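Read through the structure below, which is laid out as structure tokens, and then see the notes.
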Amino acid sequence: MDELRWADPREIPSQRFVCGHCGTDVSSSKGLLARDSATEQKAGFVAICHCCTRPTFLYEAGNEQVPAVMLGNDVRGVEETVQAIYDEARKATGAGAYTAAVLCCRKLLMHIAVEKGADPDLKVFEFVQYLLDKHYITADAAEWVDHIRDRGNEANHQIVIMDEDDAEELISFCEMLLRVIYEYPARMRAKKSGA
């Protein structure tokens with residue numbers, strides 16, 4: 001996306017926050033003041049990130065912001081479709097859509113297995129078994145990878161709502177899985193090639 005140009009940004013009291021769009025820790029003094037229409041009391045700010053130029057609404061009361069900070073961290077060297085589903089899970093957490101994030105984590109296992117050669121018609125537990133059989137995950141890691149599948153199955157097949165803690169746990173496990181399968185091997189290949 002091209003940089004946004006704001007028509008009339010104002011000086012606001014400096015607002016420090018982690019941008020929910022680009023993930024940068026910023027301190028912005030440009031934006032708009034929001035007032036409660038009934039009381040005219042200050043309700044918050046629309047702060048403009050100086051890195052990505054996108055807006056974040058910061059509520060005056062408490063630390064709530066929209067969009068919220070995405071859970072998890074960027075992982076390098078990940079194949080494009082796998083990266084897309086991981087990013088989707090993280091973006092869902094920024095929107096407070098924790099059940100959707102958990103479902104994406106389950107789907108991520110499928111994408112990884114297929115990208116690594118599994119038949120796309122397998123069942124979810126077979127994708128996990130494929131990753132184990134092909135040594136993309138270790139026997140010790142199989143338990144927490146299976147936990148991603150189990151929690152995703154709960155979210156998919158039962159009438160349950162997942163919360164932030166559920167999403168944070170699974171995003172964390174997925175991040176580690178992506179680092180082991182993609183990022184660390186890519187870093188070693190780069191090191192060996194002298195890049």
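Using heavy atoms of the protein chains and a probe of 1.4 Å, the accessible area assigned to residue 102 is about 0 Å². One Cα centroid belongs to region 85-124, the other to region 153-177; the line between them spans 10 Å.
Using the alpha carbon gyration tensor of region 33-121, what are the three equivalent-ellipsoid semi-axes (square root of 5 times each eigenvalue), largest first, in whole Å? Write down the numbers at each step before the final one.
On the way: eigenvalues 277, 39, 13 Å².
The equivalent ellipsoid of region 33-121 has semi-axes of 37, 14, 8 Å.
Computed over the Cα atoms, what is the radius of gyration of region 1-83 divided by 2.2 N^0.38 Å, N being its residue count? Spell out each step's value before the answer.
On the way: Rg = 14.9 Å, N = 83, 2.2 N^0.38 = 11.8 Å.
Dividing the Cα Rg of region 1-83 by 2.2 N^0.38 Å gives 1.26.
With the cut-off at under 17 Å, measuring from each backbone N in region 140-171 to a point 7 Å along the Cα-to-Cβ line of residue 133 picks out 142, 146. Each residue, residue 68 and residue 33, gets one label point 7 Å from its Cα in the Cβ direction; the gap between the two is 2.9 nm. Report the GluC sites (Glu not before Pro) located in region 129-195 that are in a DSSP loop and have at most 14 other Cβ atoms inside 10 Å of their Cβ, or state none. Nothing satisfies the criteria. Close amide H pairs (under 5 Å, H built 1.01 Å from N) link residue 49 with 54, 56, residues at least 5 positions away or on another chain.
Scaled to the globular estimate 2.2 N^0.38 Å, the Cα spread of the chain, given as radius of gyration, is 1.24.
Angle check, please: helix 139-157 long axis (alpha carbons) against the longest principal axis of the chain (alpha carbons), in degrees 0 to 90, nearest 10. Its long axis makes an angle of about 60 degrees. Loop-located chymotrypsin sites (Phe, Trp or Tyr not before Pro) in region 1-109 (DSSP state not H, G, I, E or B) with no more than 10 neighbouring Cβ atoms inside 10 Å do not occur. Against the chain, whose longest principal axis is taken from its Cα atoms, helix 98-115 shows a tilt of about 40°. Ordering 68, 184, 102 by Cα displacement along the dipole of the chain toward the positive end leaves 184 in first place; charges were set at the Cβ atoms of Lys, Arg (+1) and Asp, Glu (-1).
Net charge of the neighbourhood of residue 74, taken over other residues with C-beta under 10 Å away and scored Lys/Arg +1, Asp/Glu -1, is -1. Of the accessible area of the chain, computed with a 1.4 Å probe over protein heavy atoms only, carbon and sulfur atoms account for 50 percent.
Between residue 22 and residue 3, the simple label model (points 7 Å from Cα in the Cβ direction) yields a spacing of 0.9 nm. So how exposed is residue 21, as accessible area in Å² (1.4 Å probe, rounded to 10)? Solvent-accessible area, nearest 10 Å²: 70 Å². Multiplying each eigenvalue of the alpha-carbon gyration tensor of region 80-195 by 5 and taking the square root yields semi-axes of 24, 17, 12 Å, largest first, rounded to whole angstroms. Which entries in the list 116/191; 107/191; 123/192; 107/192; 91/191; 91/134 go over 28 Å, if you measure between the two C-alpha atoms of each? Over 28 Å apart, Cα to Cα: 107/191; 123/192; 107/192; 91/191; 91/134.
Between the helical axis of 80-94 and the longest alpha-carbon principal axis of the chain there is an angle of about 40 degrees.
Using DSSP to define loop residues, name the GluC sites (Glu not before Pro) in region 1-72 whose beta-carbon has at most 10 other beta-carbon atoms within 10 Å. Of the GluC sites (Glu not before Pro), the ones in loops of region 1-72 whose Cβ has at most 10 other Cβ atoms within 10 Å are 3, 40.
The values are calculated or read from the model by the stated rules, or taken from the named source; none is laboratory data. Keep in mind it's a predicted model, so treat the numbers as computed, not measured. Ideal geometry is used to build each Cβ from the backbone, glycine not excepted, and the neighbour counts take in all protein chains shown. What goes into the accessible areas is simple: the full protein's heavy atoms, side chains included, and nothing from ligands, DNA or RNA. Shrake-Rupley method; radii C 1.70, N 1.55, O 1.52, S 1.80 Å.
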